[in-house]
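The values are calculated or read from the model by the stated rules, or taken from the named source; none is laboratory data. Note that the coordinates shown come from a computational prediction; the quantities given were computed from them, not determined experimentally. Cβ placement follows ideal geometry from the backbone for every residue including glycine, while neighbour counts extend to all protein chains displayed. Areas reflect the complete protein model, heavy atoms only, side chains present, ligands, DNA and RNA absent. Shrake-Rupley method; radii C 1.70, N 1.55, O 1.52, S 1.80 Å.
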Amino acid sequence: MSGKGETVSGIVGYVGKKDSLQLLFDGLTRLEYRGYDSSGIAFKNGSGIEVYKTPGSLKDLQKMLPTPLPIITIGIGHTRWATHGAPSTANAHPHTVKGVSVVHNGIIENYRELRTELEAAGHVFSSQTDTEVVPQLIARYLDRGLPIDEAIQHAVAHLRGAYALGIIHEGTPETLFAVCNNSPLVIGIGADAQYLASDVPALLPYTRNFIHLEDGHMAVLRSSGVDLKHVDSREPLPLEGKIVTNNWTPAMAEKQGYDHFMLKEIYEQPQGVMDTLREWLDDTNRLMDEMGISGTIRDLRRLHIAACGTSYHAGLVGRYMIEKFVHLPVAVDIASEFRDMSPIIPKGTVLITITQSGETADTLAAQRVAKENGARTLTICNVVGSTTTREADSVLYTRAGLEIGVVSTKAFTAQLAALSLLGIALGAKKGKISDLEIRTLKPFLLDLPGLIRQALQTDEKVREIAKTLAGAKSMLYVGRGINYPVALEGALKMKELAYIHADGYPAGEIKHGPIALIEEGVPVVFLATIDGLHERILSNIEDVRARGGRIIVVTDSPAAFRNKADDMIVVPATHPALVPFVTIVPLQLLAYHVAVIKGCNVDQPRNLSKSITVEDKCHNTGCSYSRFCRTSIACAAITPDEKKSIAHKVVRLLHLSNWEQMSAASLLESSGQELGKAVHQEQASKGLSTCFVSPY
Ligand code: G6P
């Protein structure tokens, strides 16, 4: 568990006396579990740098490589999870400019400014990525006569944001360079070869000795060894104490020491929130311009949010935030309801969809319905280039990174980060929130990653409480105000993961029904932060206590609830509009630990899918969506290209274990019958019932 940003894309590098290109390819294969949408390799041949890239899988990349695979002495490889620019050959890494080839993980925040400056100076870009500014900058300094290591140092001095960089240069054929800031890089130490990777598993077959490169350090790798220096100095740094031995097995390493992807993702929340915020926090005005909202801000009358599952709960929290900051009415609907109820969409409405995957069929349908009815559409999404992002008028990306656990955690807090940004940006543009208020709020937002880390320290305490809940048949989660949607989300986690019936309620509603369920020992989780509403929560607690309910309080003010609870979980205090960022954390952990104690399948709970991309009524000509949904391979109206893209998505989203053998193209032969079969076999092998409805 390094404190660094967890990146999704993968980096591999090699410099040695002689090895097959297979080594780089195998390294990338070992990072495949992280997910990616494109891949590429660059290596030095006799005369220069040879580059192979594809928007497809590693299998597709393999088909492009020369056979037999050449022997190389230096090379870099990358699996990309798109952040800036859709998956395409041009946007895949490595990016090569004038003999400098670069792979990059992370986000270069100031790439727009750098690109504008470089273009004005005559540099021609060939991709839409933030990454390409790096080789362009290095090339600029090489043109000015600097040696490669100094050119890299000068280039890096311009970069703001998170980056892990692997760099090779055709004029310096024996040296591989690495630099990082807030994005991890490890150097594998060998006898006569050195290795580079974003993640330990890639290198485990070659070495167990690693240097975890520190922020602001630069590593110079040659077959004979590694030199370290500060990125702004020529002085070498001592290697003593920097080399660590790692005894992870490859399986452990994938999860970076965590038992489950879900737990790893819960712990990645500080990074996801920070990455989402920092892209725009200093420039909310430009955010509005990019959303295309600036020009029409006067006409903006109403916001309507549509989403499913956890994303819907984020929308409910977003309503509190936006109404507070923008003083505009915000309606929030479950996407399937929105689309079924012929919604009224008055002029001046912006429809916001919130979706981790960007592929949820109901959310997409809601977006389409809104568009057809003349609303402007904005999607808050975690997957670059996904369908909602292609169809919406504007996109606000969350930067949670790939979420592998079926049950959503880090996407939720990243969505809250995006919604708080949106609230502040809209509020400022509408003149509803003053500069002073924004200046007051910003430190609270910037503190969030640290506060989430503090909330994660409740883990041990939560695990103890979980032991007492494994036998529960039913639970209630209760909150007031902005904590009410958190109660809904906490209950959803418990249902999804531990299969315990759980309901979320606004505290004021308990006496209107749910109190009838309370009998001796029924667990009730109260979200009770000090916000002016806690007095009323106290009286709700008394009501439940009087009937024998078992009371678990999540609070930032333990003194106010002393002697009122059977168990208390203390989270840090924050701004009242940001409380859900911390109150959700122990609820995610609680559901996780109860599920583990009960022996449930944490990363793939029964009957659930990561992304519900296919609708159960969409069967050929019986398709229920007017004008056809076009989101199912069974839809009569679908084009071959759409079908192909769905096949790719399904293959990726369902994590088919045998997908390497079944490229999306082959799955599509015989009109998708293979695809249907593969999905069913996969579900059966996991003991799942058929939640992916297929007509085959
Ligand atoms: C499925 C997942 C949930 C997710 C929901 C919405 O039900 O199991 O975890 O919240 O879809 O997904 P989206 O990708 O649109 O956020």
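Numerical summary
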{"read-out": "MRE, 222 nm, helices only [DSSP H, n ≥ 4, -39500 (n - 2.57), over the chain, to nearest 500]", "value": "-11000 deg cm²/dmol"}
{"read-out": "List 453, 144, 550, ordered by accessible area with a 1.4 Å probe, largest first", "value": "144, 453, 550"}
{"read-out": "Residue-span extension gain [residue 98 to residue 143] - 0.36 nm each, minus C-alpha spacing", "value": "15.3 nm"}
{"read-out": "Surface share of carbon and sulfur [accessible, 1.4 angstrom probe, percent] for the chain", "value": "50 percent"}
{"read-out": "Nearby aspartates and glutamates by direct alpha-carbon distance to residue 18 (threshold 14 angstrom, same-chain neighbours under 8 apart not counted)", "value": "174, 192"}
{"read-out": "Among beta bridges that DSSP assigns inside the chain, antiparallel share in %, nearest 5", "value": "60 percent"}
{"read-out": "Paramagnetic reach from residue 501 in region 431-470 [backbone N under 17 Å; point 7 Å along Cα→Cβ]", "value": "470"}
{"read-out": "Candidate aspartates and glutamates - alpha carbon under 15 Å from residue 495, same-chain residues fewer than 8 apart omitted", "value": "503, 603"}
{"read-out": "Relative contact order (%) - criterion: Cα under 8 Å, at least six apart; region: region 10-244", "value": "20 percent"}
{"read-out": "DSSP-assigned coil residues among chymotrypsin sites (Phe, Trp or Tyr not before Pro) in region 429-502, each with at most 16 further Cβ atoms within 10 Å", "value": "499"}
{"read-out": "Stokes-Einstein diffusion coefficient of region 218-353, Kirkwood radius over Cα pairs, 37 °C, 0.692 mPa s, in µm²/s", "value": "163 µm²/s"}
{"read-out": "Cα principal axis extents for region 146-303, largest first, Å", "value": "67, 47, 26"}
{"read-out": "Size of region 459-598 as Cα extents on the principal axes (Å, biggest first)", "value": "37, 30, 25"}
{"read-out": "FRET efficiency, residue 461 to residue 511 (Cβ-Cβ, R0 35 Å, nearest 0.05)", "value": "0.75"}
{"read-out": "Filter on 17/255; 324/429; 264/442; 44/98; 229/410; 264/461 - keep pairs with C-alpha separation over 24 Å", "value": "17/255; 264/442; 229/410"}
{"read-out": "Overall dimensions of the chain by Cα: Rg and Dmax, Å", "value": "25.8, 82"}
{"read-out": "Lys, Arg +1 and Asp, Glu -1 on Cβ, resulting dipole of region 261-455 about Cα centre, debye, nearest 20", "value": "460 debye"}
{"read-out": "Orientation-averaged projected area, Cα convex hull of region 261-455 (nm²)", "value": "9.8 nm²"}
{"read-out": "Per residue accessible area in Å² of region 459-598, where ligands, DNA and RNA are left out and the probe is 1.4 Å", "value": "36 Å²"}
{"read-out": "Folded to 0 to 90 degrees: helix 111-120 orientation relative to the chain principal axis, Cα", "value": "40 degrees"}
{"read-out": "For region 40-82, projected area of the alpha-carbon convex hull averaged over all directions, nm²", "value": "3.2 nm²"}
{"read-out": "Check: the chain dipole with +1 on Lys, Arg Cβ and -1 on Asp, Glu Cβ, in debye", "value": "920 debye"}
{"read-out": "Degrees separating the helix 640-653 axis from the principal Cα axis of the chain, which is the longest one", "value": "80 degrees"}
{"read-out": "Potential extension, residue 121-residue 323 segment - 0.36 nm per residue separation minus Cα distance", "value": "68.2 nm"}
